[in-house]
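J.: Can you read through this structure? Questions will come right after.
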Amino acid sequence: MDFRTKVDQNSFGVRATALIIRDNHIFLGKHEDGFHTIGGAIEVGETSSQAALREMQEEIGITGEIVDLAFVVENQFTADSLKFHNIEFYYIIKPLEEPPTKMVEGKESYPCEWLPLDELDNFDIKPAFLKKALINWDGQLKHIVNKDGED
């Protein structure tokens with residue numbers, strides 16, 4: 001059981017994201033609509049950092065080490081006529097193993113790539129705020145309110 005609820009056409013959830021960074025590159029999954037981070041809903045009884053590490057293990061099969069909590073994000077967007085409001089914890093994570101070339105989410109498999117942090121503007125990244133937030137991150141925890149793709 002995780003922290004997600006749906007009422008009519010509204011979904012509210014609490015998520016954790018693994019920002020896997022090495023040598024000024026970030027590791028992302030390539031979906032049909034762009035590049036996505038590794039992450040998912042926090043389960044009941046789990047801390048956000050435990051969830052980020054678990055999601056990394058489930059989706060790409062490797063372990064990592066938490067470096068820092070970089071962003072707490074209130075992310076509001078619409079997808080397939082469903083309105084989402086997620087509270088998200090974004091952790092910088094150092095991989096302890098070499099990440100694979102594919103990630104698995106449920107029954108789907110997606111290719112993965114290392115993208116240079118200083119070139120993120122050249123890619124379609126979801127959520128888009130990461131393009132600027134990552135390159136400008138100063139090591140301090142940031143609170144970000146992201147509505148419908150605003151930066």
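J.: State to the nearest 20 debye the size of the charge dipole of the chain about its Cα centre, where the only charges are +1 on K and R beta carbons and -1 on D and E beta carbons.
T.: Here the size comes out at about 240 debye.
J.: Among DSSP beta bridges whose residues both lie in the chain, state the antiparallel percentage, nearest 5.
T.: Rounded to the nearest five, the antiparallel share is 65 percent.
J.: Let me ask something additional. With point charges of +1 on the Cβ of Lys and Arg and -1 on the Cβ of Asp and Glu, referenced to the Cα centre of the range 4-148, which listed residue (S81, Q140, Y110) lies farthest in the positive direction of the dipole?
T.: S81
J.: On the full set of protein chains, 1.4 Å probe, figure out the accessible area of R15 and give it in Å² to the nearest 10.
T.: For R15, solvent-accessible area is about 70 Å².
J.: Just the accessible area for S109, please: 1.4 Å probe, Å², rounded to the nearest 10?
T.: Per-residue accessible area (S109): approximately 70 Å².
J.: For a quick check, take a GNM of the chain with Cα springs below 10 Å and name the residue from A18, A79, A51 with the largest mean-square fluctuation.
T.: Of A18, A79, A51, the Gaussian network model singles out A79 as fluctuating most.
J.: Please calculate how many Å² of accessible area the chain carries per residue, with a 1.4 Å probe and no DNA, RNA or ligand atoms counted.
T.: Here the per-residue accessible area is 55 Å².
J.: Determine the shape class of the range 4-148: with a ≥ b ≥ c the square roots of the Cα gyration tensor eigenvalues, call it rounded for a/c under 1.5, and otherwise prolate if a/b is greater than b/c, oblate otherwise.
T.: Taking the square roots of the gyration eigenvalues as a ≥ b ≥ c, the range 4-148 is rounded.
J.: Heavy atoms only, probe 1.4 Å: what % of the accessible area of the chain goes to carbon and sulfur, would you let me know?
T.: So the carbon and sulfur contribution to the accessible surface is 50 percent.
The values are calculated or read from the model by the stated rules, or taken from the named source; none is laboratory data. Since the model is a prediction, treat every value here as computed from it, not as a measurement. Glycine gets a Cβ as well: all are built from the backbone with ideal geometry, and neighbour counts include every protein chain shown. Side chains are part of the model used for accessible areas, which takes the heavy atoms of the whole protein and leaves out ligands, DNA and RNA. Shrake-Rupley method; radii C 1.70, N 1.55, O 1.52, S 1.80 Å.
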